[in-house]
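These notes concern the structure reproduced below.
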Amino acid sequence: MSLRPSDLRSRGRLVCSLRRSRALGHPRRCASRVVLIAAILFVIVPSVARASAHWSAPIQVDSSPLVSVSCPSGSFCAAVDSAGNAATFDGTAWSAPRSIDAAIALSSVSCPSASFCIAVDSAGNALTFNGTSWSVPISIDASMALSSVSCASASFCVAVDTTGNEVTYNGSTWSAPVSIDAAHNLSSVSCPSASFCLAVDINSYFVTYESGSWSQPAGLVIEQLSSVSCPSASFCTAVNNGFGWAPTYDGSTWGPNPMSSLEVGAGLRSVSCSSVAFCATVDDAGEAFIYSTPPPVPVSTASPVISGSAVQGALLTEAHGSWTHNPTRFTYQWEDCDAAGGDCSAIPDATSQAYLISGSDVGHTIRVQERAINASGSSGPAISGQTAVVVLPAATAVSRVLVPTGRAARIGALLSHDGYSVWFDAPAGGRLTVSWQLAPHGARGRPSLLIAKLSVTFRHAGAKRVKIKLARRYRRLLAVSQRATVVATGTFTPSGQSATSVTKRFDLRG
């Protein structure tokens, strides 16, 4: 939705009245500050930016006020309430709350993963979660109420208290409290890594932890910040109890973002963002809100790869390329191309991840186009490299040259041409040999007379015209024959590979 200055002023009057009732500020000063905020938000936040993402409707999780939520990913969140209960979110639904610190109100929870969380309470205790169960509370800041905790990992956590102190966890023990914002009540801290943390207080100040030390407190425009979450050092989001706004930090300055107009009926208590695209927040009414924005469509970072032999009858398979933005499924289109991999045309019905090479592909190279799809739509095509030129199987290629056909199969034609000329499609570089042996008419015994032969070498795959030449010594014998039975044997031996042999029997007629 779009926020207008009038909307902000009306919300501001409500917050000012709440603050007057709590003795939190002078009415005139509060009103002037709201007008300033309204002007800033109206100028900075374009309506286009707010259109790409949204918060969900409220989800009732707990009957007690939820005070903190932590989401290491879009498929796991943990939330705690003011009655010592915890609930978890699995990406679809929230579990029922269960007691983990029944005697004391929990104030914050932080989960760097689904198998490790730390929660803190108002009595200065901490509890840990191992993915299944919670530990008993242990005291880490006994004299003060802990307001927030943030864990970059299972070996680095920072907790802050209501007097401006912080305590640090190293994976086994907690440090003594150290003052970082002595004049203010720290309400929240977020540490995306062990080298960066950002903490906010209820008086609109924030401090950052970088290079091993904390900065001096610096001022913000929006007051009453109750929680902050930083998935990185260049993106933080905070929420406040009054307006339902979520200002963001870009590493140097604060400003509104598309989440700035969340409609709530109760104060926002905690926010957690696993990324710029996924956040969850909880409120005093026990409700949770999920914020999500569709990822961009996938973008190819590496082309798909084809495996298999470029031979008719062989099966080609495609291995996915690399894609950004987590595709959930893929589509395919196989293509016939020229020898250089260009001038491609789609092969009808070849739209699965595997393709069986057909006779129509012989003489072509083959490519495959892959498209990746996620919730936002389909990518452009990523195109594989081309295969080698598709050739016939060696046995098929040899079979095609052994037996003359048509007029060439007549004895007179063979004699007049001194043999039989034919095209041979060599499947690779190698050597082709052919022999024709004359068998006695009607006999099934072994042939004995070598009447024609061929021997030719191919440097590489490709078609070449070859000639099976008649042996001169048997020309007269053929000339007086009305019929001859021939046993033809052809052998192709690819360079450095095993030979393929084919034998066929046929008749020559005068």
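The table below lists the values:
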| quantity | calculated |
| --- | --- |
| Around residue 106: net Lys/Arg minus Asp/Glu count, Cβ-Cβ under 9 Å | -3 |
| Fully extended contour minus Cα-Cα distance, from residue 333 to residue 476, at 0.36 nm per residue | 45.6 nm |
| Accessible area of residue 110 in the full protein assembly, 1.4 Å probe (Å², nearest 10) | 10 Å² |
| Difference of contour (0.36 nm per residue) and Cα-Cα distance, residue 175 to residue 130 | 14.0 nm |
| Area accessible to solvent at residue 254, 1.4 Å probe radius, in Å² | 60 Å² |
| By accessible area with a 1.4 Å probe, ligands and nucleic acids excluded, highest first: order of 486, 178 | 178, 486 |
| Accessible-area ranking of 500, 173, 328, largest first, probe 1.4 Å | 328, 173, 500 |
| Rounded to whole Å, sorted largest first: equivalent-ellipsoid semi-axes of the range 66-182, Cα gyration tensor | 22, 15, 12 |
| Sum of side-chain charges, residue 149 neighbourhood, beta-carbon under 15 Å (Lys, Arg +1; Asp, Glu -1) | -4 |
| Value of relative contact order over the range 63-187, rounded to a whole percent, pairs C-alpha under 8 Å and six or more apart | 15 percent |
| Pairs of Cα atoms farther than 17 Å apart, the range 283-335, % | 59 percent |
| Normalised convex hull volume, the range 288-439, alpha-carbon set, Å³ per residue | 149 Å³ |
| Whole-Hz ³J(HN,Hα) from phi, Karplus 6.51 cos²θ - 1.76 cosθ + 1.60, for the range 159-165, glycine and proline x | 10, 10, 10, 7, 10, x, 9 |
| Within the accessible area of the range 73-137 (1.4 Å probe), percent carbon and sulfur | 54 percent |
| Candidate residues 181, 349: accessible-area rank, largest first, probe 1.4 Å | 349, 181 |
| Percent RCO, i.e. relative contact order, over the range 378-459, from Cα pairs under 8 Å lying at least 6 residues apart | 25 percent |
| Where the range 116-212 is the region considered: accessible area per residue in Å², 1.4 Å probe | 36 Å² |
| Residue-normalised accessible area of the range 469-510, given per residue in Å² at a 1.4 Å probe | 64 Å² |
| Counted charge near residue 370, where neighbours are those whose Cβ lies closer than 14 Å (Asp, Glu -1; Lys, Arg +1) | +1 |
| Rounded to the nearest 10 Å², the accessible area of residue 431 at probe 1.4 Å | 110 Å² |
| Where GluC sites (Glu not before Pro) fall in DSSP loop in the range 311-389, at most 14 other Cβ within 10 Å | none |
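The values are calculated or read from the model by the stated rules, or taken from the named source; none is laboratory data. Every value quoted in this text rests on a predicted model; they were computed, and no experiment measured them. Methodologically, a virtual Cβ is constructed for each residue, glycine included, from the backbone with ideal geometry; neighbour enumeration extends over all protein chains shown. Just the protein is used for accessible areas: all its heavy atoms, side chains included, with ligands, DNA and RNA removed. Shrake-Rupley method; radii C 1.70, N 1.55, O 1.52, S 1.80 Å.
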